[in-house]
Amino acid sequence: MAPSVQVQQPPAVTKQFPPAHFPAELQGTQNVGEREVKNIATKWMNDFNDLLTAHAYDKLESVFHTECWWRDLLSMKMDHALLHTTSEISAALKQCGQKVQFQKFKLSPDHEPVLQAPLAGISWIQGIFDYETKIARGRGLFRLLPNSAGSQIQWKCSFTIFTSIEELIGYEEKFGQSRPAGVSHGENIGRESWADRRHREHNFIDSEPAVVIVGAGQAGLNLAAHLGQLNVPTLIIDKHERIGDNWRKRYRFLVLHDPIWYDHMSYIPFPKHWPVFTPKDKLADWFESYAASMELNVWMKTALQGATFDEDAGVWTVPVKQPDGTVRDLHPKHLVLATGHSGEPNIPTFVGQDDFKGKIVHSSQHTTGGDFKGKKAIVVGCCNSGHDIAHDFYEQGAETTIVQRSSTYIMSSENGLRILFENLYEENGPPVEDADLIFHSIPNPLHCILQEATAKRIAEADRPLLEKLQKVGFKLDDEPFLIKYFTRGGGYYLDVGASSLIADGKIKVKQGQEIKRFLEDGVEFADGQVIKADIVVLATGYQSMKTTVAKLVSKDVAAKCKDVWGLDEQGELNSIWRNSGHENFYLMGGNLALCRYMSKRLALFIKMIETGLRTHPEKTRELSDQIGVE
């Protein structure tokens, strides 16, 4: 049940993609034994493979329900695709099937199909499989629902099938039995030591990087690690002094809100003794060791000085200012902006702010409330950063007020994470590679349905806290956490203590009133109330990532980029980790888990272009326009 407290709905977010629903004939709980589950899954897998191998796309309804969903990452085309209904899937396969050559679909020998009940009254058989195309090998996952129409139960892939390439045939990563030897035994005149080789590679003394990545956070490091394993020469540049400073220099008491099981980096998971929640400085140090262990080429204290793209040559000119002040022109084929999915800080201006004798700072520049013991602090903004900073001010002895302008989704860390990640990202959950596969196999329209049910369970568990928050005037909304993250990138707080402080009146809340003006010693709100302040922190979020593209690269490049973040008409995230709208220019960002999984997809995307296996979609579009072909 949802909490009895009244919940203010968030401002409407336009969802252009088709809404998911469970057709009535597919609803119902089934009791099926393990052996029968495997037999059903095996038969369906074989039938599906035979259909694709024979290119019998007009017969999809023999294995799919008409309302099914197929999410694909890079198998069908150089993009992320979410197809809905058998007619849409059939049309897509008719267009790409002969070229892609889907084949060798078979159940994974390491994963038994399972019967699950994701919602009350709904059962499905979930199966993990392997497959191949003409150029790649991949993994996927299907969910079969029982079709009770008629007198006999039939199992079809009603709602979801997911496919994603994992490696390119002939360009496999070298690990296990094929790992590099690390040394060439025997006579080797002019032998180069490992240290000498790394010095040459790191500094690109006699070569150019194929890829330049701007930003050495989780996005840039994960992507560079995958590109390195694909033998794509890659350089990361970052303006900070040390790897990890993007976390190290944030507010003093910052600790990750997501748990360790969700936050592993590619290839090197956190040690088993690692804390559940990682302090920012510990994570920063881990990033440094990660870059060294993965032999990543990272130039710190190096700033991008804009970039231009030669469309005819397909090469960037990337001037970078090095620590000694000199500028070196790099000429990569690919440029990646990995500075986070947000753009420049959103810093509003206010009447009278120049008269204010205190300090005004955006949350991105705030470090500690330790200098304001016994003073008055106002935090404008009521999402994760705003709550964390207000929490810090209170603990440092400041009289603290948090300003909530609209409404916020609240879930406690204790209940929210347990319910949100159960059976997936937890201590005894599946390997992270399998957890990622399961998570990303769910199309976002279906996520909306499942997350609504999850949000109700969390709200029921958090009922006492939510009721206390409303009593002190804090406005709640119930749009689920994950949907808020995908559609807005914010609008929520994962409570790690500040909500209780607000509910108990230890942190005051000013709700629903905009700032009218600043005074010399405080802030006047639209309702006429004046709150004294020595510091005002603006936790007012960030602009689109395109603002950073315009600032760091060029306005021309930014103008060609599509919208960033939010969901497109299919339900896929806009531009991030995929075609940005500009040839050979990419955007990387998101939390650690998303960067871990999607960095490999983008690395494979780039590798396909580098090897000539496929053409960049913007180049394909340009050629089509030239010859008048749609």
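Some notes on this structure:
- All strands (runs of 3 or more DSSP E) inside region 251-345 with 1 or more residues being among the acidic types (Asp, Glu) and farther than 30 Å from LEU437 by Cα: 308-310, 327-330, 342-345
- Sole residue being assigned by TED's automatic domain parsing to the domain that holds LEU519, surrounded by fewer than 20 Cβ atoms within 10 Å (Cβ to Cβ) and in contact with a Pro (Cβ under 9 Å, 6 or more places away or on another chain), chosen from GLN353, GLN365: GLN365
- Checking each residue in region 294-343 for being of a type in the set (Ser, Thr, Tyr) and under 24 Å from the mean Cα position of the chain (by Cα) picks out THR339, SER342.
- Flag for GLY397 being outside any helix (DSSP H, G or I), of a type outside the set (Val, Ile, Thr), at pLDDT 95 or above and not assigned by TED's automatic domain parsing to the domain that holds ILE606: yes
- Among residues of region 142-152 being crowded, with 20+ Cβ neighbours inside 10 Å and out of contact with any Gly (no Cβ under 7 Å at 6 or more places or on another chain), the one that is nearest to TRP70 (Cα to Cα) is ARG143.
- Looking across TYR492, TYR485, one residue alone is among the aromatic types (Phe, Trp, Tyr), within 23 Å of GLY541 (Cβ to Cβ) and in contact with a Gly (Cβ under 9 Å, 6 or more places away or on another chain). It is TYR485.
- Selection from region 205-218 of residues that are touching a strand residue (DSSP E or B) at 6+ places or on another chain (Cβ under 8 Å) and crowded, with 18+ Cβ neighbours inside 10 Å: PRO209, ALA210, VAL211, VAL212, ILE213, VAL214, GLY215, ALA216
- Residue count for region 231-256, restricted to those that are at pLDDT 95 or above and in contact with an Asp or Glu (Cβ under 7 Å, 6 or more places away or on another chain): 6
- Complete set of residues in region 171-184 that are in contact (Cβ under 8 Å) with a residue 12 or more places away in the chain and closer than 17 Å to ARG601 by Cα: TYR171, GLU173
- For region 442-455, the candidate set comprises residues that are among the aliphatic types (A, V, I, L, M) and part of a helix (DSSP H, G or I); within that set, the residue that is nearest to THR160 (Cα to Cα) is LEU446.
- All of VAL403, VAL432 fail the test of being crowded, with 17+ Cβ neighbours inside 10 Å, in the same structural domain as LYS373 (by TED's automatic domain parsing) and farther than 29 Å from ALA117 by Cβ, apart from VAL403.
- Entry remark, region 159-172: residues being surrounded by 10 or more Cβ atoms within 10 Å (Cβ to Cβ), out of contact with any Leu (no Cβ under 7 Å at 6 or more places or on another chain) and over 17 Å from LEU141 (Cα atoms) number 2 in total.
Conditions tested, residue by residue: (1) without any contact (Cβ under 8 Å) to a residue 24 or more places away in the chain; (2) farther than 30 Å from HIS80 by Cα; (3) in contact with a helix residue (DSSP H, G or I) (Cβ under 6 Å, 6 or more places away or on another chain); (4) of a type in the set (D, E, K, R).
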position	(1), (2), (3), (4)
GLY358	no, yes, no, no
HIS362	no, yes, no, no
LYS375	no, yes, no, yes
CYS382	no, yes, no, no
THR408	no, yes, no, no
GLY416	no, no, yes, no
GLU427	no, yes, no, yes
GLU433	yes, no, no, yes
LEU437	no, no, no, no
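- Conditions (1) of a type outside the set (Phe, Trp, Tyr); (2) over 15 Å from ASP238 (Cβ atoms); (3) surrounded by fewer than 15 Cβ atoms within 10 Å (Cβ to Cβ); number of the one not met by GLN305: (2)
- Restricting region 185-241 to residues that are in a loop (DSSP other than H, G, I, E, B) and among the aliphatic types (A, V, I, L, M), the residue that is nearest to TRP316 (Cα to Cα): ALA210
- Checking ASN574 against (1) modelled with pLDDT under 95; (2) among the polar types (S, T, N, Q); (3) farther than 23 Å from TYR542 by Cβ, the condition it does not meet: (3)
- Number of the exception - HIS202 against (1) at pLDDT below 95; (2) surrounded by fewer than 21 Cβ atoms within 10 Å (Cβ to Cβ): (1)
- Any chance GLY497 is in contact with a helix residue (DSSP H, G or I) (Cβ under 9 Å, 6 or more places away or on another chain), touching a residue at least 40 places away in the same chain (Cβ under 8 Å) and farther than 30 Å from ILE268 by Cα: yes
- Taken together, SER499, SER544 contain a single residue that is small (Gly, Ala, Ser) and under 20 Å from SER407 (Cα atoms), which is SER499.
The values are calculated or read from the model by the stated rules, or taken from the named source; none is laboratory data. The model shown is predicted, which means the values in this text are computed figures rather than measured ones. So basically every Cβ, Gly included, is an ideal-geometry build from the backbone, and we count neighbours across all protein chains shown.
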